[in-house]
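Student: Mind having a look at this structure? Questions to follow.
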Amino acid sequence: MTSSTEAVDRERVADFARHIFGLYTGGLLTYLIDLGNRTGLFTAAERGPATAPALAERAGLRERYVREWLGAMVSGGIMTYQPATQTYTLPAEHAACLAGTGYTNMAPMSAMVTHLGKHQAELEQAFREGGGVPYSAFRPEFTGAMDQLNRRALDELLVNAWLPLVPGLAERLDAGARVADVGCGSGHALVVLAAAFPRSTFVGFDLAEDALQLGRTEAAQAGLTNLTFEVADVAALDVADPFDAVFAIDAVHDQVDPAEVLRRVHGALAPGGTFVMVDMAASSNLEDNLGNPSAPWIYSVSTLHCLTVSLANNGAGLGAAWGEQTARRMLRVAGFGEIVTHPAPGLTRNIIYVTRRTG
């Protein structure tokens with residue numbers, strides 16, 4: 001035994017081992033939360049206390065699987081159990097985070113974890129040899145996961161909480177404006193905006209045809225005629241008619257050439273046009289992020305997706321934790337004027353950048 005080994009604090013080793021085991025346990029519970037969301041178990045449990053057979057019947061599932069799942073939910077502090085009546089309860093406060101249509105429902109986040117873990121082998125190869133895992137490898141499942149992750153927040157917050165942070169924008173949209181969303185994914189943000197502001201016209205740009213088709217279908221079902229979607233590499237965006245406003249929601253940091261994307265957005269705006277960029281609330285400096293409770297999520301998702309999809313195409317590899325300092329610098333280099341930031345209401349892991357094309 002070496003002197004350095006002898007100097008190890010055994011109590012600290014035990015504490016750290018418990019910490020690591022807690023992380024592993026949380027990872028497994030995340031898979032079961034995803035199962036509960038996919039199968040409707042949380043929705044069934046929200047209806048009130050039930051035995052395992054009754055809950056299984058509510059959800060239309062096999063009791064033996066449900067009973068084992070409930071054991072994890074109870075021992076993991078997600079649900080409670082009354083031995084005398086053999087009933088399981090999802091407390092109302094927990095239901096607010098795991099069921100319902102409100103933006104506080106965090107259950108869809110679990111699908112992001114279970115999905116990203118499927119590409120470990122390719123990511124290991126990238127760690128060893130360089131390159132990355134291309135965006136195409138994550139689709140179409142990633143499209144659905146992102147849609148579910150953001151949909152409720154967009155429904156409740158985009159028009160009522162986020163737009164008021166941008167002086168005059170809601171009034172401009174109400175009067176009639178040309179608006180784009182770059183890296184729009186499934187396009188739900190534009191569906192929300194197009195429904196709220198019928199005098200304006202909206203166009204969504206994205207590389208993924210499968211994602212855009214979801215947007216087209218939703219827009220058609222909503223009867224929206226002021227919204228279109230186009231397959232486009234936004235790093236090569238070139239429009240004949242400038243936009244009055246452009247949105248980018250969680251889209252810039254994983255681009256192959258984010259600097260060019262920002263330059264193209266600037267060029268696509270009419271003089272005085274507004275750019276609204278929603279991105280991760282982080283500093284560009286690791287030491288400043290150590291007290292940020294969202295930092296482990298941001299760095300982890302970045303490693304598993306945002307960074308690698310950029311590096312797969314020899315891109316800049318900004319990563320999700322590119323941070324406010326870098327974002328501000330890149331926006332200035334792209335030609336934008338004054339930059340104002342706001343914490344995103346309802347989403348503590350996001351920040352909203354507001355800037356304009358001067359002139």
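Student: Just the residues that are open to solvent by 30 Å² or more (accessible area, probe 1.4 Å), part of a helix (DSSP H, G or I) and not polar (S, T, N, Q), please, taken from region 159-169. Please lay out each step first, then the result.
Tutor: Here is the first cut: in region 159-169, the residues open to solvent by 30 Å² or more (accessible area, probe 1.4 Å) are 159-160, 164-165, 167-168.
With the extra rule that they be part of a helix (DSSP H, G or I), the set shrinks to 159-160, 164-165.
159, 164, 165 - these are the residues of region 159-169 that are open to solvent by 30 Å² or more (accessible area, probe 1.4 Å), part of a helix (DSSP H, G or I) and not polar (S, T, N, Q).
Student: So, of the residues in region 90-103 that are without any contact (Cβ under 8 Å) to a residue 60 or more places away in the chain and open to solvent by 40 Å² or more (accessible area, probe 1.4 Å), which turns out to be farthest from residue 73 (Cα to Cα)? Before the answer, list the steps.
Tutor: Applying the first criterion (without any contact (Cβ under 8 Å) to a residue 60 or more places away in the chain) to region 90-103 yields 90-97, 99-102.
From the residues that got through so far, the ones that are open to solvent by 40 Å² or more (accessible area, probe 1.4 Å) too are 92-94, 96-97, 101.
Values: 92: 15, 93: 15, 94: 11, 96: 16, 97: 14, 101: 21 Å.
Result: 101.
Student: Considering each residue of region 232-259, count those that are free of Cβ contacts under 8 Å to residues at least 60 places away in the same chain, over 21 Å from the mean Cα position of the chain (by Cα) and open to solvent by 50 Å² or more (accessible area, probe 1.4 Å), and give that number.
Tutor: Result for region 232-259: 3.
Student: If you don't mind, there's one more thing I want to ask. Check every one of the helices (runs of 4 or more DSSP H) wholly within region 186-292 and list those with 1 or more residues that are modelled with pLDDT of 95 or more and charged (D, E, K, R).
Tutor: Details: elements: 188-196, 209-221, 258-268, 286-289.
By residue number, 209-221, 258-268, 286-289.
Student: What number of residues within region 171-183 satisfy the criterion of being assigned to a helix (DSSP H, G or I) and either open to solvent by less than 30 Å² (accessible area, probe 1.4 Å) or under 25 Å from residue 235 (Cα atoms) (or both)?
Tutor: Filtering region 171-183 down to residues assigned to a helix (DSSP H, G or I) leaves 171-175.
Within this subset, residues satisfying the condition of being either open to solvent by less than 30 Å² (accessible area, probe 1.4 Å) or under 25 Å from residue 235 (Cα atoms) (or both) are 173.
Counting residues in region 171-183 that are assigned to a helix (DSSP H, G or I) and either open to solvent by less than 30 Å² (accessible area, probe 1.4 Å) or under 25 Å from residue 235 (Cα atoms) (or both) gives 1.
Student: Here is a list: 318, 331. Which entry is of a type outside the set (D, E, K, R) and farther than 22 Å from residue 356 by Cβ?
Tutor: Working: 331 fails: farther than 22 Å from residue 356 by Cβ.
Being of a type outside the set (D, E, K, R) and farther than 22 Å from residue 356 by Cβ holds for just one of 318, 331, which is 318.
Student: Something else about it: Six or more apart or on different chains, Cβ atoms under 6 Å: show the pairs whose first residue is in region 164-189 and among the basic types (Lys, Arg) and whose second is surrounded by 13 or more Cβ atoms within 10 Å (Cβ to Cβ).
Tutor: Every condition considered, the pairs that remain are 178/201; 178/243; 178/244.
Student: Let me ask something else. Among 126, 111, 72, 153, which is the only one that is free of Cβ contacts under 8 Å to residues at least 60 places away in the same chain and of a type in the set (Gly, Ala, Ser)?
Tutor: On the way: 126 fails: free of Cβ contacts under 8 Å to residues at least 60 places away in the same chain; 111 fails: free of Cβ contacts under 8 Å to residues at least 60 places away in the same chain; 153 fails: free of Cβ contacts under 8 Å to residues at least 60 places away in the same chain.
It is 72.
Student: Next up: Select from region 64-102 the residues that are assigned to a helix (DSSP H, G or I) and either in contact with an Asp or Glu (Cβ under 8 Å, 6 or more places away or on another chain) or within 22 Å of residue 149 (Cα to Cα) (or both) and list them in ascending order. So that I can check it myself, show each step before the final result.
Tutor: Filtering region 64-102 down to residues assigned to a helix (DSSP H, G or I) leaves 64-75, 92-98.
Residues satisfying the conditions are 73, 92, 93, 94, 95, 96, 97, 98.
Student: Being small (Gly, Ala, Ser) and open to solvent by less than 30 Å² (accessible area, probe 1.4 Å) is the requirement here; does residue 111 meet it? Talk me through it step by step, then tell me what you get.
Tutor: Details: small (Gly, Ala, Ser): yes; open to solvent by less than 30 Å² (accessible area, probe 1.4 Å): yes.
Here the answer is yes, as residue 111 does meet what is asked.
Student: How about region 124-136: which of its residues are in contact with a helix residue (DSSP H, G or I) (Cβ under 7 Å, 6 or more places away or on another chain) and either assigned to a loop (DSSP other than H, G, I, E, B) or within 20 Å of residue 31 (Cα to Cα) (or both)? Write out each step before concluding.
Tutor: Residues of region 124-136 that are in contact with a helix residue (DSSP H, G or I) (Cβ under 7 Å, 6 or more places away or on another chain), as a first pass: 126, 131-135.
Matches in region 124-136: 131, 132, 133, 134.
Student: In addition: In this structure, is residue 156 among the acidic types (Asp, Glu), open to solvent by 10 Å² or more (accessible area, probe 1.4 Å) and more than 18 Å from the chain's Cα centre (by Cα)? Even if it seems obvious, please write down each step before you answer.
Tutor: On the way: among the acidic types (Asp, Glu): yes; open to solvent by 10 Å² or more (accessible area, probe 1.4 Å): yes; more than 18 Å from the chain's Cα centre (by Cα): no.
No; evaluated as a whole, the condition is false for this residue.
The values are calculated or read from the model by the stated rules, or taken from the named source; none is laboratory data. All values derive from a computational prediction rather than experimental measurement. Heads up, the Cβs are rebuilt from the backbone with ideal geometry, glycines too, and the neighbour counts pull from every protein chain shown. Just so you know, the surface numbers come from the protein's heavy atoms only, side chains and all, with ligands and any DNA or RNA stripped out. Shrake-Rupley method; radii C 1.70, N 1.55, O 1.52, S 1.80 Å.
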